[in-house]
Amino acid sequence: MDPDRIPPSFPAPSFRGAQEQALSDIRDAFAAGNDVVLVRAPTGSGKSLLARSIAGAAATTDEVAPAEATDAYYTTPQVSQLDDVAEDPLLDDLNVIRGKSNYTCILNGETDTPVDRAPCVRQAGFDCSVRHRCPYFSDRAIASNRRIAAMTLAYFMQTAGSDVFRKRDVVVIDEAHGLAEWAEMYATVDLNPRTVPVWDDVGIPDVTAAGDPVERTVRFAETLAGVCERAKDELLRKPDLTPEEAARRDRLQELRSELTWFVDDYRNPESPTTWVVDQPDGEGSPVTIKPLDPARYLHHTVWERGNKFALLSATILNKAAFCRGVGLDPSNVALVDVEHTFPVENRPLYDVTQGKMTYDRRDETLPKVARTLVRIMAKHRDEKGLVHCHSYAIQSELRRRLAQLGLGSRVRAHDREDRDAALESWKATDDPDVFLSVKMEEALDLSGDLCRWQVVCKAPYLNTNDSRVARRLDDGQWSWYRRAALRTVIQACGRVVRAPDDYGATYLADSSLLDLFERTRSDMPSWFRDQVDRLSTPDLPEFDQVTAGGQSGSRRTSSGRRSSARDRTATRTESRSSSGGSNQSSGTTRSGSNRGTSESDDEQSDHPLSDVWGDT
């Protein structure tokens, strides 16, 4: 890598914001001998352009010996982020490759078949006459032979050890804040009727019945791996497979590899990984095998894949803790902070807290949140809004209550199956509809009039029924627990303000968020701490569902037609001041610096232990 090539590799015709200074700082960090540079860049700072600049500094074949690594990888855990990269003309030299299931076979009679179920994977010895034109193999060949190959983190990890995607000089990971959690997810082994093709052929023991649950699970995993091997070999003896049989064969091989990895890692006395097992319903029921510390998994799938690494995110909150979580030596890692250039008054936080949204207090608090949401909708009667519901249970209850108040026509939502379609439909409308979302705090660009306000319904603490979370809290890792929640809040706050001249308000409805801010102040990026310090109480209209857009409400003009974007221009001008689009303050400021708490507080007191991700 030549760090001096980083600034000149910037792909845009000019810099904006703090990009030029950021690239200079990143160059200096690599020039100082660091193998890994963490780039903490706020939302809207152009992380993808920074990533392209860093990748441009990778060694070329003309500069190093034939056996040395050259070129670069760009990877991100977010599929939507990869889609954005693929569509950005400034990043057209990032050659995108996706998994086989994302491509369609081009053979006659197979044009509805994904490549991972095509004849080339179904028939022994199949010689494809159009392989050179196959969209998957074509993209793979291009990506493997060009300077920068771009792929999802899942595909990147799955290609570890591949002869096609070998070690490269530079690896850039965008949205890297959740790297440890993504690694844990990829290394988790889920055993249930859907993921185990031979489920009905094996007896599922109660692995938690007696003794060491992990040891009992290892013995069962060894048995199951053998059953998978025999079932796979039986399919391999067939000269021609149906698409369903090909899928079964591939899943058997994948499951056998997962089980073998788990057993080998558990038996390895030098492995740092701690494994936990969940089987809440006992004998015959699904088993989930989870790693607590995925450092060894990341070593093989990520850290052995490059010489130099750049990890970009707005929410790498604590360098030492992050490095511990992903198996890096902090002494060999530099942290570069990128300045936030969006005016703080354009991204205000408003306190509309109505009480705690913990599971045991939700029935009391949620009706108040619904009524407050009506007042917010009235405040922004002509602007689109997003509600971060945290769980489908909260989403469903909010939707029901708003419908009862006559606001159903202004409210949209999604379920687990139609997330993307429902989101795109809402984004496409000009009407001031409110979208009730679940787990959309990241990788969502709602610039301009796509969304002018949002509500965070609940402090997004991790599910304490998850054995990994419970184990860490038993070990006293409360700071990790709070940082994970803070990270999600910061990500959520970045959805609606995407440029220096953009503006949008974020309303906080759960009083646990104020407690979270107290306890994590030292972990906040300075630009987010500035937002918290300006936290204020907004001036909301009185409760009136008609004004908020209910039946016979103000979403219709005097002529009875639905109001258009043109009709709403004047209202937006007034609303901008309340959303932070001017220097005028709305409400009473609350200073986060006046809300300190002692480290001697009971760590388990008043804590949302029953908060659940995606509860139903």
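Okay, here's what the table says:
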{"read-out": "Residue among 245, 258, 234 that is out of contact with any helix residue (DSSP H, G or I) (no Cβ under 9 Å at 6 or more places or on another chain) and either on the phi < 0 side of the Ramachandran plot or not in a helix (DSSP H, G or I) (or both)", "value": "234"}
{"read-out": "Contacts under 9 angstrom Cβ, first residue in region 246-271 being in contact (Cβ under 8 Å) with a residue 40 or more places away in the chain and under 16 Å from residue 192 (Cβ atoms), partner open to solvent by 70 Å² or more (accessible area, probe 1.4 Å) and not basic (Lys, Arg), 6 or more apart", "value": "259/222"}
{"read-out": "Among residues of region 319-366, those that are in a helix (DSSP H, G or I) and within 17 Å of residue 455 (Cα to Cα), counted", "value": "4"}
{"read-out": "Subset tally (residues that are open to solvent by 20 Å² or more (accessible area, probe 1.4 Å) and either of a type in the set (Gly, Ala, Ser) or over 23 Å from the mean Cα position of the chain (by Cα) (or both)) for region 335-347", "value": "4"}
{"read-out": "Selected residue (criterion: nearest to residue 475 (Cα to Cα)) from residues of region 265-284 that are assigned to a loop (DSSP other than H, G, I, E, B) and open to solvent by less than 80 Å² (accessible area, probe 1.4 Å)", "value": "274"}
{"read-out": "Checking residue 229 against (1) farther than 30 Å from residue 322 by Cβ; (2) outside any helix (DSSP H, G or I); (3) touching a residue at least 24 places away in the same chain (Cβ under 8 Å), the condition it does not meet", "value": "(2)"}
{"read-out": "Residue in region 515-528 that is touching a Pro at 6+ places or on another chain (Cβ under 9 Å), among the aromatic types (Phe, Trp, Tyr) and in contact (Cβ under 8 Å) with a residue 24 or more places away in the chain present", "value": "yes"}
{"read-out": "Counted residues, region 41-67 - those being in contact with a strand residue (DSSP E or B) (Cβ under 7 Å, 6 or more places away or on another chain) and modelled with pLDDT under 95", "value": "2"}
{"read-out": "Region 2-22, subset part of a helix (DSSP H, G or I) and acidic (Asp, Glu), residue nearest to residue 498 (Cα to Cα)", "value": "20"}
{"read-out": "Enumeration of residues in region 416-427 that are open to solvent by 70 Å² or more (accessible area, probe 1.4 Å), of a type in the set (Asp, Glu) and either assigned to a loop (DSSP other than H, G, I, E, B) or in contact with a strand residue (DSSP E or B) (Cβ under 6 Å, 6 or more places away or on another chain) (or both)", "value": "417"}
{"read-out": "Subset tally (residues that are open to solvent by 30 Å² or more (accessible area, probe 1.4 Å) and touching a helix residue (DSSP H, G or I) at 6+ places or on another chain (Cβ under 7 Å)) for region 10-19", "value": "1"}
{"read-out": "Yes/no for residue 55 being open to solvent by 50 Å² or more (accessible area, probe 1.4 Å), among the aliphatic types (A, V, I, L, M) and in contact (Cβ under 8 Å) with a residue 24 or more places away in the chain", "value": "no"}
{"read-out": "Subset tally (residues that are among the acidic types (Asp, Glu), surrounded by fewer than 14 Cβ atoms within 10 Å (Cβ to Cβ) and more than 29 Å from residue 291 (Cβ to Cβ)) for region 212-252", "value": "3"}
{"read-out": "In region 1-21, the residues that are of a type in the set (Asp, Glu) and touching an Asp or Glu at 6+ places or on another chain (Cβ under 9 Å)", "value": "2"}
{"read-out": "Wholly enclosed helices (runs of 4 or more DSSP H) of region 68-147 bearing at least 3 residues modelled with pLDDT of 90 or more, of a type in the set (Gly, Ala, Ser) and surrounded by fewer than 18 Cβ atoms within 10 Å (Cβ to Cβ)", "value": "135-145"}
{"read-out": "Residue list for region 148-199, restricted to those being charged (D, E, K, R), modelled with pLDDT under 90 and surrounded by fewer than 18 Cβ atoms within 10 Å (Cβ to Cβ)", "value": "163, 181"}
{"read-out": "Members of region 285-318 that are at pLDDT 90 or above, part of a loop (DSSP other than H, G, I, E, B) and open to solvent by 30 Å² or more (accessible area, probe 1.4 Å)", "value": "286, 318"}
{"read-out": "Filter result (more than 21 Å from the chain's Cα centre (by Cα), over 20 Å from residue 494 (Cα atoms) and of a type outside the set (Gly, Ala, Ser)) within region 384-424", "value": "397, 398, 399, 400, 401, 402, 404, 405, 407, 410, 411, 412"}
{"read-out": "Subset of region 370-390 that is assigned to a helix (DSSP H, G or I) and open to solvent by 10 Å² or more (accessible area, probe 1.4 Å) - its residue that is farthest from residue 446 (Cα to Cα)", "value": "371"}
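The rows are residues; the columns are (1) open to solvent by 20 Å² or more (accessible area, probe 1.4 Å); (2) part of a loop (DSSP other than H, G, I, E, B).
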| residue | (1), (2) |
| --- | --- |
| 432 | no, yes |
| 436 | no, no |
| 454 | no, no |
| 458 | no, yes |
| 463 | yes, yes |
| 472 | yes, no |
| 481 | no, no |
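The values are calculated or read from the model by the stated rules, or taken from the named source; none is laboratory data. For clarity, every value in this text was computed on a predicted model and none was experimentally measured. Here the Cβ is made from the backbone with ideal geometry for all residues, glycine too, and neighbour counts use every protein chain on show. Heads up: the accessible areas ignore ligands, DNA and RNA and are worked out on the full protein's heavy atoms, side chains in. Shrake-Rupley method; radii C 1.70, N 1.55, O 1.52, S 1.80 Å.
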